[in-house]
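Quick notes on the structure that follows.
The values are calculated or read from the model by the stated rules, or taken from the named source; none is laboratory data. Remember, it's a predicted structure, so these values are computed and weren't measured experimentally. For neighbour counting, all protein chains shown are included, and Cβ atoms are generated from backbone atoms with ideal geometry for every residue, glycine included.
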Amino acid sequence: MQSASAGNDSQAPSPGSPAGARWLFGPGIDLFFGCGFGYALVLCCVLAAGPGIQTWLSGGLLAIVVLFANTPHYGATLLRVYDQRETRERYAIFSTWITAGLLLIFVVACYWHVVGSWLVTVYLNWSPWHYAGQNYGIALMFLHRRGIAVSPRAKQWLYASFVLAFGLTFVQINGVQGDAAYGVEASATAPDDFANAYPFIPLAIPGGIRYVLLTAGFAAYLFVTAGAIRMLGRGVRAKELLPTVSLIATHSLWFVVPTMFQTWNLFGQAVPFSPAHTQYAFIFVAASHSLQYLWITTYFARKEPTYRGQTRYWTQCLLLGCLVWTLPALVFAPGVLGNVGYHEGLVMLVAALANVHHFILDGAVWKLRDGAVAKILLRDSGASTGPILAASHGRWIRHAVYATSAVCFAVAFLGRWEAEIGLRRAPASGDVERTRTAVERLAAIGRDDASNHLRLGMIAARNDRPELAMRQFEESLAMRPNATTWLEIGMLHAELEEWKESLHAFETAYDLDASRKAIARRYGWSLVQNDQPERAIEVARAGLKTHPEDRDFIALLRHAQQRARGEESH
């Protein structure tokens, strides 16, 4: 939900005048879902649980939570824009032309990866701004419904508070390394060298400058936020500001607090505030935002003449959300029209497409200055439109859309289930066949990638299934050449005492990634074993440049030198 801009008059009535109901569903539901009390409760539980939460709340389980908590809010926007002919025509430039343009960009990005990186960068930078706009708009809505007159100056200060919160997040994620992350899918099965094909492109703000900007920005945020609350509270009972102040506090917990805690390293490795746990922070905040969005869109939908009950509405939102998230990934899966594995970048590209499209549509249809929106959210004065008569010839399209959406939901759920049960839990327990089943099922639903085959090969090798392991390693390399798979092949050949084949595999891995200690160390010892001590000395010395005084490389160097001297003596 987006508000009118800060410079526009919110048309607030004078204090004490009727402005519709003070709450949408009631204080309990509104505070819990709309104002962030639910998020604060979850955050307290997570902090109390500590790092141990990762043992039972894994990335795979979080992905299932995302399916039911986050996905429906995308469908809510699609329903708002596309379900009725009047809205489709009214927002045609967004619903048709801009949508077509985004789809074209997505298709190009599937083959020209730099375009995808820019789309991902736009999405991750825009995302906190979108969240700020929603919280700001809801804060104004609650003020209006309570009949609190908001002066232009107070409105500007309130707006500035949310802008500064966005600014802090923007600076944080655009550091030299780039702190943006996305955690909608569990990608723990992929090793480090399976880099995302669509990396975030940060502005690369130097650390010193970033620290100064964040510290100064935080001081400005505190000053402006306190000023906004003081202006809004003039002549108003404190309890009347509870929803608005709660929204300010919630937005601070979403973005300001994590940013400054990481900047000053206040909580160490606390989940979800530490840099190592950005996936948890991202998902918890996204879930809170999405449930907040569904809370207000459900209220709006109840006023529509097409509303047929809450269960039906939420089911429609879930199915349509799955459609926009799943169909592009199916069509452009490896072996269909695409060439990037699901966890190796495709899911990130789909996320960028779905979210940028959502941001654009949301900004067009949820403005408080819009007559239909204001009638329900500000004045609570009945239905937003007259009766809508659906054309009979369009019913088959609607049925086809929902049938496709149902298939997409099944694919989305199965994909998340197999990622958690088959690719995380089964390998941990040594269950080769269950892991194999998961890899096959994921391939069947378009979620095949090199890292899946690598994971199966690794668990097969460790359970004395060398033939299966080698086949899976070869499948992985066929999809994406990578150092980790060559390293695993080298270790498998070494266990089988196939020394020449092992050396070749380690050498190939070293050529792909000479900086990795495990690869360099095994390559060096393999060179010694294959009577190439001079080359082993070079590898050991190169390793010591990267890892000074490392015991493994010192031992390798000494042994290789002894072997070389021994050969010279003969």
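Yes or no: the stretch 201-219 includes at least one residue that is modelled with pLDDT under 85 and either buried (at least 18 other Cβ atoms within 10 Å of the Cβ) or assigned by TED's automatic domain parsing to the domain that holds ARG424 (or both). Can you show your working first?
At the first step, the residues of the stretch 201-219 found to be modelled with pLDDT under 85 are none.
No, the stretch 201-219 contains no residue that is modelled with pLDDT under 85 and either buried (at least 18 other Cβ atoms within 10 Å of the Cβ) or assigned by TED's automatic domain parsing to the domain that holds ARG424 (or both).
From the list ARG516, ARG551, ARG558, ARG522, the lone residue that is under 41 Å from the mean Cα position of the chain (by Cα), more than 21 Å from HIS493 (Cβ to Cβ) and among the basic types (Lys, Arg) is ARG551. Here GLU488 qualifies as among the acidic types (Asp, Glu) and surrounded by 20 or more Cβ atoms within 10 Å (Cβ to Cβ). Of the residues in the stretch 90-103, none is surrounded by 15 or more Cβ atoms within 10 Å (Cβ to Cβ), in contact with a Lys or Arg (Cβ under 7 Å, 6 or more places away or on another chain) and free of Cβ contacts under 8 Å to residues at least 40 places away in the same chain. Out of (1) assigned to a helix (DSSP H, G or I); (2) closer than 30 Å to GLU418 by Cα, what's the single condition that is false for ASN463? Status for ASN463: all satisfied but (1). Go through the stretch 147-169 and give me each residue that's surrounded by 24 or more Cβ atoms within 10 Å (Cβ to Cβ), within 19 Å of VAL236 (Cα to Cα) and not hydrophobic (A, V, I, L, M, F, W, C). Correct list: LYS155 only.
Condition check: within 27 Å of GLU498 (Cβ to Cβ) and under 41 Å from the mean Cα position of the chain (by Cα). Does ASP531 satisfy that?
On the way: within 27 Å of GLU498 (Cβ to Cβ): yes; under 41 Å from the mean Cα position of the chain (by Cα): no.
Considered against the rule, which asks whether it is within 27 Å of GLU498 (Cβ to Cβ) and under 41 Å from the mean Cα position of the chain (by Cα), ASP531 comes out as no.
Cβ separations smaller than 8 Å between residues 6+ apart or across chains give the following pairs from the stretch 288-310 residues that are free of Cβ contacts under 8 Å to residues at least 24 places away in the same chain to residues that are surrounded by fewer than 22 Cβ atoms within 10 Å (Cβ to Cβ) and not in a helix (DSSP H, G or I): GLN310/ARG302. Restricting ALA560, ALA542, ALA564 to those that are modelled with pLDDT of 90 or more, over 19 Å from THR485 (Cα atoms) and in the same structural domain as THR485 (by TED's automatic domain parsing) reduces the list to ALA542. Applying the criterion of at least 3 residues that are farther than 18 Å from GLN562 by Cβ and not β-branched (Val, Ile, Thr) to the helices (runs of 4 or more DSSP H) found wholly in the stretch 496-549 leaves 499-512, 517-529. Per the listing SER502, SER476, the residue uniquely more than 30 Å from ALA333 (Cα to Cα), touching a helix residue (DSSP H, G or I) at 6+ places or on another chain (Cβ under 7 Å) and among the hydroxyl-bearing types (Ser, Thr, Tyr) is SER502.
Can you spot a residue in the stretch 34-42 that is aliphatic (A, V, I, L, M) and within 19 Å of the chain's Cα centre (by Cα)?
Taking the stretch 34-42 and keeping what is aliphatic (A, V, I, L, M), we get 40-42.
Filter again for within 19 Å of the chain's Cα centre (by Cα), leaving 42.
Among the residues of the stretch 34-42, at least one is aliphatic (A, V, I, L, M) and within 19 Å of the chain's Cα centre (by Cα), which makes the answer yes.
One residue stands out in the stretch 406-447 among those that are surrounded by fewer than 17 Cβ atoms within 10 Å (Cβ to Cβ) and small (Gly, Ala, Ser): the one that is nearest to ILE64 (Cα to Cα), namely ALA410. Within the stretch 517-533, the set of residues being closer than 26 Å to ASP449 by Cβ, of a type in the set (D, E, K, R) and surrounded by fewer than 20 Cβ atoms within 10 Å (Cβ to Cβ) comprises LYS517 only.
Determine whether the stretch 423-446 contains at least one residue that is within 22 Å of the chain's Cα centre (by Cα), in a loop (DSSP other than H, G, I, E, B) and under 18 Å from ALA329 (Cβ atoms). So far as the stretch 423-446 goes, yes, one or more of its residues are within 22 Å of the chain's Cα centre (by Cα), in a loop (DSSP other than H, G, I, E, B) and under 18 Å from ALA329 (Cβ atoms). Which residue pairs have Cβ atoms under 6 Å apart, sit 6 or more places apart or on different chains, and have a first residue in the stretch 25-48 that is free of Cβ contacts under 8 Å to residues at least 24 places away in the same chain and a second that is surrounded by 14 or more Cβ atoms within 10 Å (Cβ to Cβ)? Final answer for the pair search is PHE32/GLY38. Might you check whether a residue that is more than 19 Å from LEU103 (Cα to Cα), at pLDDT 90 or above and not β-branched (Val, Ile, Thr) occurs anywhere in the stretch 318-339? For the stretch 318-339, residues more than 19 Å from LEU103 (Cα to Cα), at pLDDT 90 or above and not β-branched (Val, Ile, Thr): present.
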